[in-house]
Amino acid sequence: MTGMCTGRVAVVTGAGRGLGRAHALALAVEGARVVVNDLGTGIDGTGGATEPAERVVDEIRALGGEAVAHGSDIATTDGAASLVATALDAFGRLDVVVNNAGFLRDRMLVNLDEDDWDAVMRVHLKGHFLPLKHAAEHWRAETKAGRTPQARVVNTGSGAGLLGSVGQGNYSAAKAGIVGLTLVAAAELGRYGVQVNAVAPAARTRMTEQSFAETMAAPGEGQFDAMAPENVSPLVVWLSSASCAGVTGRVFEAEGGRITVMEGWRPGPAADKGARWTPAEAGEAALKLLAAAKTPQPVYGAR
Ligand SMILES: NC(=O)c1ccc[n+]([C@@H]2O[C@H](COP(=O)([O-])OP(=O)(O)OC[C@H]3O[C@@H](n4cnc5c(N)ncnc54)[C@H](O)[C@@H]3O)[C@@H](O)[C@H]2O)c1
């Protein structure tokens, strides 16, 4: 198959289902050879199975594309290193990492156990960091050997990490961390030919169809299915291609037919006394500044 990603090799984590599957198929349709990673976990991250990744490899091959399965946990050093090694062994190069794997353990903060905190931080935050790090080591070596790549990393954020989401303290913190990681990686890795961006998607997958059943409902016959995961993939494909040259360190929301550039934290109204404030003065100044500042967007699910 030929297209926007012809000649490129992509790894997609958590690509056995949902959004990752849609990204892997879309990348293959645009000519990329794909390493389909998936640990095959349950919805809460427990268990494991090889079938989801293998099924997507079969789907890609049935379309005439090239793909191999990788079934390890991407939040481990061995899993992340072998993911990169699989791309190099199977296809001889690596151009794209789409970090997507993850799961939820939603609870209100007072009920959130340490295990649920650790598991969600681990799979999302460490599960983004480790594949990024191992791929970046490869790309740095390529650059030092005089072969600077046009490499791309697409991270997966969430509206929960941008605005916060009630009942998702662990997930919101992990996804906010992924945005910070994206900014640092973009700044550090540009010299090695690597662009790093993040997409905050919304789509109907097993992760969302229970909690957001109403907004995720499938449309009537012949109507645009705004919640299909496939709607998010075209932006991911473009961000994975050489065509997005110069775009790095940016965060996009993608849902249905809508793409939104998210504008990050920036200084708002400020006051400078030129000396140390008393607490009472600091409070008075803070209230004046808040009155002049934009009202924050509401946290998802807040009343
Ligand atoms: N669906 C949405 O509306 C939505 C919204 C915001 C963010 N996201 C994010 O998009 C990504 C994909 O979510 P989805 O909705 O497609 O969910 P999904 O459950 O359909 O797919 C996630 C996949 O990740 C795999 N996985 C879990 N832990 C893994 C590990 N350690 N190593 C390798 N694979 C692992 C699972 O087996 C699963 O197939 C996640 O990062 C999620 O947080 C989704």
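No lab work stands behind these numbers, since they all come straight from the coordinates. The structure presented is a predicted model; accordingly, all values stated were derived computationally and were not measured. When we count neighbours, we look across all protein chains shown, and the Cβ atoms used for this are built from the backbone with ideal geometry, even at glycine.
Can you name the residue in the range 6-48 that is near the ligand (Cβ under 6 Å from one of its atoms) and touching a strand residue (DSSP E or B) at 6+ places or on another chain (Cβ under 6 Å) and is also farthest from Val68 (Cα to Cα) among such residues?
Leu19
Please work out if Ala198 is over 25 Å from Leu19 (Cβ atoms) and of a type in the set (A, V, I, L, M, F, W, C).
So Ala198 fails the test.
What number of residues within the range 99-118 are more than 15 Å from Asp73 (Cα to Cα) and surrounded by 15 or more Cβ atoms within 10 Å (Cβ to Cβ)?
Final tally of qualifying residues: 7.
Tell me which of these Gly64 doesn't satisfy, since it passes every other one: (1) within 20 Å of Ala26 (Cα to Cα); (2) without any contact (Cβ under 8 Å) to a residue 60 or more places away in the chain; (3) surrounded by fewer than 23 Cβ atoms within 10 Å (Cβ to Cβ).
All conditions are met except number (2).
Residues being assigned to a helix (DSSP H, G or I), closer than 14 Å to Ile74 by Cβ and within 12 Å of the ligand (Cβ to nearest atom): count how many of those fall in the range 122-161.
The qualifying residues number 9.
Restricting attention to the range 235-251, does a residue exist that is away from the ligand (no atom under 15 Å from the Cβ), surrounded by 17 or more Cβ atoms within 10 Å (Cβ to Cβ), in a loop (DSSP other than H, G, I, E, B) and not small (Gly, Ala, Ser)?
yes
So which of Val179, Val196 is more than 9 Å from the ligand (Cβ to nearest atom), over 23 Å from Ala242 (Cβ atoms), buried (at least 18 other Cβ atoms within 10 Å of the Cβ) and among the hydrophobic types (A, V, I, L, M, F, W, C)?
Exactly one of Val179, Val196 is more than 9 Å from the ligand (Cβ to nearest atom), over 23 Å from Ala242 (Cβ atoms), buried (at least 18 other Cβ atoms within 10 Å of the Cβ) and among the hydrophobic types (A, V, I, L, M, F, W, C), namely Val179.
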